[in-house]
Amino acid sequence: MGRRRNSRARLCLVLALGSTLANGGCGTIAAVKKTVLGGPLAPGEHLKGFIGGVAADEPLAALAAREVLATGGSAADAAVTLGFMLSVTLPSRASLGGGGACIAYEPGAGSPGHGVPEAIMFVPRAPAANAGDRPAAVPMLARGLYLLSFRYGTKPFADLVSPASRAAAEGISISRALAQDLAPVQGPLLGDPYAAAVFAPGGRPLGEGARLVQRDLAASLTQIASAGVGDMYQGLLGQRLVEASAAAGGPFTLNDLRQSVAALTNPIVVKAGEDQAAFLPPPADGGLGAAAAFLQLERTGTVSQGLAELSVAAPAEWRAHGGDPLQILTAGTASGTLPALPASTSFAVVDR
């Protein structure tokens with residue numbers, strides 16, 4: 001699906017925001033400026049030597065992404081697999097019903113971004129009219145990961161989704177990260193019959209090392225791999241999501257799904273010595289917050305509690321007044337606080 005490219009996306013970072021992905025940033029790194037790209041691999045063949053790297057909060061998802069790199073995939077290919085795998089292995093923080101944001105960078109004037117970083121925004125959005133007593137966001141994860149794959153990927157999109165589909169169907173061993181997320185929400189889990197059947201089948205949340213099988217999620221991922229992402233937004237899978245959202249009390253419509261698309265935009269770019277650092281723009285709070293703390297650290301060279309406060313104040317200022325994020329950063333007078341945010345996760349991938 002979509003075009004395939006032989007060049008590699010050098011660096012990609014995605015962050016998840018509680019069942020909804022969001023926030024993050026990445027910039028040029030001196031250690032990966034020199035690239036050594038080999039020729040195409042035969043089926044089943046693995047790269048030798050340095051293949052790149054993956055950093056994530058859940059080990060099974062990280063290993064799946066590493067396998068993509070080892071078989072010659074780009075950083076974007078590995079990031080797509082990692083994002084879908086997290087919907088299986090860490091759904092408390094990165095579910096298929098969420099969304100996110102990503103910065104991708106590939107050098108060279110012939111690259112998709114013409115040699116500069118791009119921000120891919122797929123932050124979940126509210127339905128046009130949500131009359132339910134349990135407001136729900138329109139899921140954006142699949143659309144965002146597809147755009148990343150289409151723009152920077154080298155492998156077929158279906159091949160990148162399949163590891164997550166298999167893992168959901170065959171079952172996974174619950175990681176410590178997921179077990180620690182499940183324990184504090186025992187009440188809501190047991191109050192939802194479907195969630196209880198999956199995550200607390202014995203009347204208590206599954207613990208570390210327990211087997212977790214998610215057949216409905218596996219079916220959805222298989223449908224995305226075989227019929228394409230469009231089926232989730234204007235096909236049979238989308239219709240099932242609409243019906244399920246209505247039953248859960250937070251309805252959105254098929255029209256909401258159709259109109260919710262991922263977008264390309266410019267990141268926030270600031271100087272970092274002789275390099276530049278790129279951060280995600282609003283509405284991804286973490287990008288602006290990280291940029292504010294980064295610039296303060298560049299100016300003072302000192303780590304303090306003020307960095308944490310500034311990283312909250314900058315996005316709070318943008319939420320309250322909007323405007324140019326760079327002006328908020330240069331003014332240095334941001335103030336305010338943010339409401340409690342959902343649990344989050346992040347990952348970074350770099351190919352060789």
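Values as computed for the structure displayed
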{"quantity": "Where GluC sites (Glu not before Pro) fall in DSSP loop in segment 264-348, at most 14 other Cβ within 10 Å", "calculated": "Glu274"}
{"quantity": "Contact order normalised by residue count of the chain, Cα under 8 Å, 6+ apart, percent", "calculated": "26"}
{"quantity": "Whether segment 170-212 is rounded, prolate or oblate, judged on the alpha carbon gyration tensor where a/c under 1.5 counts as rounded", "calculated": "oblate"}
{"quantity": "Percent RCO, i.e. relative contact order, over segment 157-276, from Cα pairs under 8 Å lying at least 6 residues apart", "calculated": "25"}
{"quantity": "Computed [θ] at 222 nm, deg cm²/dmol, the chain (DSSP H ≥ 4; -39,500 (n - 2.57); rounded to nearest 500)", "calculated": "-13000 deg cm²/dmol"}
{"quantity": "Fluctuation leader among Arg299, Arg240, Arg258 - the chain, Gaussian network, Cα springs under 10 angstrom", "calculated": "Arg299"}
{"quantity": "Nonlocal amide H pairs with Arg125, under 5 Å, H built at 1.01 Å", "calculated": "Val138"}
{"quantity": "Rounded if a/c under 1.5, otherwise prolate or oblate - segment 50-170, Cα gyration tensor axes", "calculated": "oblate"}
{"quantity": "Segments 87-95, 185-193 sorted - mean Cβ within 10 Å per residue, highest first", "calculated": "87-95, 185-193"}
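Each reported figure results from applying straightforward, stated rules to the coordinates on display, with no laboratory input. The structure displayed is predicted, hence computed values, not measured ones. Cβ coordinates were reconstructed from backbone atoms using ideal geometry, including for glycine residues, and neighbour counts include every protein chain displayed.
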